[in-house]
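In what follows, a structure is listed as structure tokens, so that the remarks can point back to it.
The values are calculated or read from the model by the stated rules, or taken from the named source; none is laboratory data. Just so we're clear, the structure is a prediction, and the values are computed from it rather than from any experiment. Please note: Cβ atoms are built from the backbone with ideal geometry, for glycine as well, and neighbour counts cover all protein chains shown. These area figures cover heavy atoms from the full protein model, side chains too; ligands, DNA and RNA do not enter into them. Shrake-Rupley method; radii C 1.70, N 1.55, O 1.52, S 1.80 Å.
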Amino acid sequence: MGGKSLGQSFDPRSNALNACRLAMATGVILYHSWAITGRHLTPAPAHQILRDVWVDGFFAISGFLITWSWFKRPRIRDYFVARSLRILPGLWFCLAVTAFVIAPIGVAIQGGSASKLLRSPAPIQYVLGNSAVMLTQQGIDGSPSGIPVPGVWNGSLWTLIWEVLCYVAVALFGVVGLLRRRWFIPTLLALTLLWSARLPPWSMFADLAETQQAMNPQTAVLFVQAIVARFATMFLAGAFIYQVRNVLPARWWLVGLSVAIVLAASFLPNYRILAAVPLAYAVIATGALVRGKWLQLRTDLSYGVYVYGWPMQQLLVICGLGVLNPLLFAIVAVAATVPLAAISWFVVEKPSISLKTRLGQRQRALTEQTVAADSAAATSEERAPSAHIGRGTGTTP
């Protein structure tokens, strides 16, 4: 084990990346517990890490796994079917639960009419308006209201469109052959890091991203650039780790060193400039090196915890629990979110993944049949002239 590379150590069927993602989804809930309860973390290095590292880690893991997925099966149709079945069913279910269950409960607790809300077009508009991954509608008929972050039922969903755009970029670069160029991913990563260094720090835009506050045109342009630079950098960091996995050692001391670099870089306005690749390595190598069976989770609740965390936190604040210390509030919020995440996994996400697997197997079977038929036809064509000559001339044995 000690002398293995990351590529040799990482078993795609038995690793701890699901546990890593679950920890990061829980970290998102922890960070949101300050803003959602109306408190603010003191601006400090720890603030930057607590705010950003969780979602950045998600994108790094995605860069690693999605790049791997493309090279394993570089077919556009299979690729996009697989990505769609992993993201969309869970998102649609979350939107429906938020619109038709969580929001009406919140309205009723605040003395409003849940039935009136359900009879209005607002819940359907919320589901349809956000169903294409782009978050275009934050509230539902004015709810939630009277809380520290009003009018926003799910501030976490804004990152999904950027994840999807990263998937699209992998497909485009893969189709034109750039991903197979050894220089391409490192060069693109270097360019995004340089771009990030020239932009204002993410802290300038963090609150705007989750609450979708109005911005003047100049701020909006910088905001979009900051988003693209941030997520492209982290996704490419994961893709870079995939590219060098067979020469990159998998060592716990390197994980520790990477974590130290991330913590030290948090004193910079933009920690990713130094810490993007170390963070990606720390998370991915941890997933490869952890051997405890109890951490090699077959049940992936991370997506559900991420998408249900914010609406459940809003509902808890409506119930009066916003007075709790943010750390205690986060514990309660995680406990309230996990059951919904489990329902999402077993009822929606796992069946969708199974469908993805069955469709992939069916497509591979059809491809193999086509190849076999073409091979048989080609063999018959090759043999037919020889047999004819043999019969006519007697020269074929």
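Structure values in brief
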{"item": "Qualifying residues in region 297-322 (those that are farther than 16 Å from Leu17 by Cβ and either part of a loop (DSSP other than H, G, I, E, B) or free of Cβ contacts under 8 Å to residues at least 40 places away in the same chain (or both)) - the one least open to solvent (accessible area, probe 1.4 Å)", "result": "Leu316"}
{"item": "Cβ-Cβ under 8 Å pairs, at least 6 apart or on other chains, region 333-350 side among the acidic types (Asp, Glu), far side part of a helix (DSSP H, G or I)", "result": "Glu349/Arg86; Glu349/Pro89; Glu349/Gly90; Glu349/Tyr303; Glu349/Gly304"}
{"item": "Scope region 4-33; condition within 19 Å of Gln243 (Cβ to Cβ) and basic (Lys, Arg); matching residues", "result": "Lys4"}
{"item": "Test set (1) modelled with pLDDT of 95 or more; (2) surrounded by fewer than 19 Cβ atoms within 10 Å (Cβ to Cβ); (3) not basic (Lys, Arg) - His47 fails condition number", "result": "(1)"}
{"item": "Which numbered condition Ala25 fails, given (1) open to solvent by 20 Å² or more (accessible area, probe 1.4 Å); (2) in contact with a Ser or Thr (Cβ under 6 Å, 6 or more places away or on another chain)", "result": "(1)"}
{"item": "Answer from Ala250, Ala265, Ala275 - the residue that is touching a helix residue (DSSP H, G or I) at 6+ places or on another chain (Cβ under 8 Å), free of Cβ contacts under 8 Å to residues at least 24 places away in the same chain and crowded, with 22+ Cβ neighbours inside 10 Å", "result": "Ala275"}
{"item": "Residues of region 237-272 classified as closer than 22 Å to Thr67 by Cα and hydrophobic (A, V, I, L, M, F, W, C), total", "result": "9"}
{"item": "Any hit, region 196-207, residues being acidic (Asp, Glu), closer than 26 Å to Thr136 by Cα and either open to solvent by 40 Å² or more (accessible area, probe 1.4 Å) or part of a loop (DSSP other than H, G, I, E, B) (or both)", "result": "yes"}
